Amino acid sequence: MDLMIDIETLGTGPTATILTIAAQVFDPLGEGFPQHRHFYARVDTDSQPNRTMDNSTLEWWAQQPEIAKNEAFSEEGRVHLASCLESLGKLIWQANKIWANGPTFDMNILEHAFKEAGQNLPWMFYNVRDARTVYALYPDLSIPPTTHHALEDCRRQITMLQNTLKFLNIIKLK
C-alpha cells in the first residue's frame with residue numbers, strides 16, 4: 001500500500017498555514033484506489049498561530065473558482081492541526097511509499113508542521129516519491145484540471161501516476 005498526499009495552504013514555504021490535508025491509499029501498479037481508505041481534514045487555522053500566510057497565495061486563492069474556495073475556506077468540521085497530524089501519521093506509518101506532486105512542497109510543509117507540533121515524523125525520507133517527475137516520462141499524458149480539493153487532487157494524481165507507469169510498462173517498483 002502506498003499513499004498519495006496533497007495539501008492546500010495559505011503560503012508556499014515550509015511554515016505555510018495549512019487549510020486542508022488529504023491522503024489516499026493506492027497501488028501504483030494497479031488501477032484506481034479504494035474509496036474508503038483515505039484521510040481528509042480541513043485544518044483549523046486558529047490552531048496554527050506560528051504558521052504563515054503570504055499575500056501572493058491569498059491573491060491566488062481569490063482568483064480560484066468558488067467551489068475550490070468554498071472547500072478550502074469552509075469553517076465546517078475544522079480539526080486542530082496537532083490532532084489532524086496525529087491521525088494522518090497513523091495512516092502514513094502503514095504506507096510503503098509516500099507520493100506527492102513535488103514533495104518539496106507538500107512534504108516539506110508537513111514535515112515542518114509535525115516537528116512544530118512535537119510529533120515524530122511518520123515517514124523515512126527515502127520513502128518519499130515525486131509523482132510529477134514520473135508524469136514527465138509520458139509526454140502525451142492526459143492531465144485533467146486541478147480542483148484544489150486536496151482529496152480530489154490526490155485521486156487525480158493517482159490516476160495520472162498509474163497511467164504513466166502503465167504506459168512505461170513498469171511491472172515492479174523498488
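So the values come out like this:
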item: Some residue of segment 61-83 being over 30 Å from residue 168 (Cα atoms), among the hydroxyl-bearing types (Ser, Thr, Tyr), within 16 Å of the chain's Cα centre (by Cα) and at pLDDT 95 or above; result: no
item: Residue selected from segment 96-111 under the condition in a helix (DSSP H, G or I) and in contact (Cβ under 8 Å) with a residue 60 or more places away in the chain, by the criterion surrounded by the most Cβ atoms within 10 Å (Cβ to Cβ); result: 110
item: Some residue of segment 50-71 being closer than 18 Å to residue 117 by Cβ and of a type in the set (Gly, Ala, Ser); result: no
item: Residue that is nearest to residue 25 (Cα to Cα), among those in segment 134-174 that are among the basic types (Lys, Arg) and part of a helix (DSSP H, G or I); result: 155
item: Scope segment 85-95; condition among the hydrophobic types (A, V, I, L, M, F, W, C) and either assigned to a helix (DSSP H, G or I) or closer than 16 Å to residue 47 by Cβ (or both); matching residues; result: 85, 88, 91, 92, 93
item: Some residue of segment 111-118 being at pLDDT 95 or above and at positive phi; result: yes
item: Complete set of residues in segment 15-55 that are of a type in the set (Lys, Arg) and closer than 25 Å to residue 173 by Cβ; result: 37
item: Evaluation of residue 133 against (1) within 27 Å of residue 70 (Cβ to Cβ); (2) β-branched (Val, Ile, Thr); (3) surrounded by fewer than 16 Cβ atoms within 10 Å (Cβ to Cβ) (one fails), failing number; result: (1)
item: Members of segment 25-39 that are buried (at least 18 other Cβ atoms within 10 Å of the Cβ) and over 19 Å from residue 81 (Cα atoms); result: 25, 26, 28, 33
item: Selection status of residue 127, more than 24 Å from residue 160 (Cα to Cα), out of contact with any Asp or Glu (no Cβ under 7 Å at 6 or more places or on another chain) and polar (S, T, N, Q); result: no
item: Those residues of segment 64-109 which are aromatic (Phe, Trp, Tyr) and within 25 Å of residue 131 (Cβ to Cβ), in sequence order; result: 93, 99, 105
item: The one condition in (1) among the hydrophobic types (A, V, I, L, M, F, W, C); (2) surrounded by fewer than 16 Cβ atoms within 10 Å (Cβ to Cβ); (3) more than 16 Å from the chain's Cα centre (by Cα) that residue 93 fails to fulfil; result: (3)
item: Verdict on residue 12 being over 30 Å from residue 172 (Cα atoms) and surrounded by fewer than 23 Cβ atoms within 10 Å (Cβ to Cβ); result: yes
item: Odd one out for residue 129, checked against (1) over 26 Å from residue 57 (Cα atoms); (2) part of a strand (DSSP E or B); result: (1)
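The values are calculated or read from the model by the stated rules, or taken from the named source; none is laboratory data. No experiment lies behind these values; they were computed from the predicted model shown. Don't worry about glycine lacking a Cβ; one is built from the backbone with ideal geometry, like all the others, and counts go over all protein chains shown.
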